[in-house]
Amino acid sequence: MLHEVIGAESIVIQNSGHLIFEPNSDSKKLLIVFAYINQQLGTRSHSSFLRNVDCKKLFLNPGLNEWYQTGVPGVASSYSGLLAFLQGVRSKFADHEVLCLGHSMGGFPALGIGVGIGADRILASAPEYVLNTPNSLSVRHLKDTRIECGDLTPILSANSKSAITVLVGKQNAFDMDVARRLSEFPHTDVIELETGHNTFPYLKDVGRLGATLEAFVEGRNIRHIVSGV
């Protein structure tokens, strides 16, 4: 149970289809993974691509393709509630490096909440940082969803410590435009891949995803890994 780690004053939460905490590592690193589509933890959004990465891991799945605006069931019912929850987690792991990871929809909270809690490093794959813009994925899904936090510009502009790496596919014009604008924020590095929006699946298909994520957690430069040179 996560409450055994983050303190009795927090919400008592058991591992479920929306949250899995894996504490069995001596590493002083905590990786927070934001699922990118509504699928069960334990598949692509879970340990199948992080099995060999040595760190503590917290996996979150919102249950809906609503860009975390409605939180994560059993954890929080809003984006701000999820931010507050993870700020509490961050404070309980003050002696750890805290890392955030997200692809596509998961890239939005990885960026916004990651910077918000002062994560040490963030890896965001094909993310949006302003929701509901023309030609975006979010505008196709959010529709009547109440948007609590739809623009990460203020928090990304004020980022003072989180090292951000953005992966983007050259074949997706929308993603490339977003990545270009993201590159103008502090502490943000953009790496282009020879693919479209499916950056993580592409790296998996070419046999580089595991090595990329392992290098990210270890704090090594991933640029040569993702490029295959």
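The values are calculated or read from the model by the stated rules, or taken from the named source; none is laboratory data. Everything numeric here is computed off the predicted structure, so don't read it as measured data. No Cβ is skipped: glycine too gets one built from the backbone with ideal geometry, and neighbour counts run over all protein chains shown.
Points worth noting:
- Only residues that are surrounded by fewer than 16 Cβ atoms within 10 Å (Cβ to Cβ) and more than 18 Å from the chain's Cα centre (by Cα) were counted across region 158-173, and they come to 5.
- Restricted to region 195-214, and to residues there that are at pLDDT 95 or above and more than 16 Å from the chain's Cα centre (by Cα), the residue that is surrounded by the fewest Cβ atoms within 10 Å (Cβ to Cβ) is GLY196.
- Residue-level analysis places PHE34 outside the set of residues that are touching a helix residue (DSSP H, G or I) at 6+ places or on another chain (Cβ under 7 Å), of a type outside the set (S, T, N, Q), at pLDDT below 90 and surrounded by 18 or more Cβ atoms within 10 Å (Cβ to Cβ).
- Scope region 156-201; condition hydrophobic (A, V, I, L, M, F, W, C) and in a loop (DSSP other than H, G, I, E, B); matching residues: ALA158, PHE185
- Among the residues here, GLU184 does not qualify as touching a Lys or Arg at 6+ places or on another chain (Cβ under 6 Å) and not aliphatic (A, V, I, L, M).
- Cβ pairs under 7 Å, 6+ apart, first in region 5-34 and more than 20 Å from ILE113 (Cβ to Cβ) and among the polar types (S, T, N, Q), second part of a loop (DSSP other than H, G, I, E, B) and modelled with pLDDT under 90: GLN14/MET1
- Pair list, Cβ under 6 Å, 6 or more apart: region 81-95 residue more than 18 Å from GLU22 (Cβ to Cβ) and modelled with pLDDT of 95 or more, other residue among the aliphatic types (A, V, I, L, M) and assigned to a loop (DSSP other than H, G, I, E, B): GLN87/ILE117
- Checking ARG121, ARG146, ARG140 one by one, the residue that is surrounded by fewer than 20 Cβ atoms within 10 Å (Cβ to Cβ) and either touching a residue at least 40 places away in the same chain (Cβ under 8 Å) or polar (S, T, N, Q) (or both) is ARG146 and no other.
- Among the residues of region 163-194, the one identified as β-branched (Val, Ile, Thr) and over 20 Å from THR212 (Cα atoms) is VAL178.
- All positions within region 215-229 that are free of Cβ contacts under 8 Å to residues at least 60 places away in the same chain, in a helix (DSSP H, G or I) and either more than 20 Å from the chain's Cα centre (by Cα) or surrounded by 17 or more Cβ atoms within 10 Å (Cβ to Cβ) (or both): ALA215, HIS224, ILE225, VAL226, SER227
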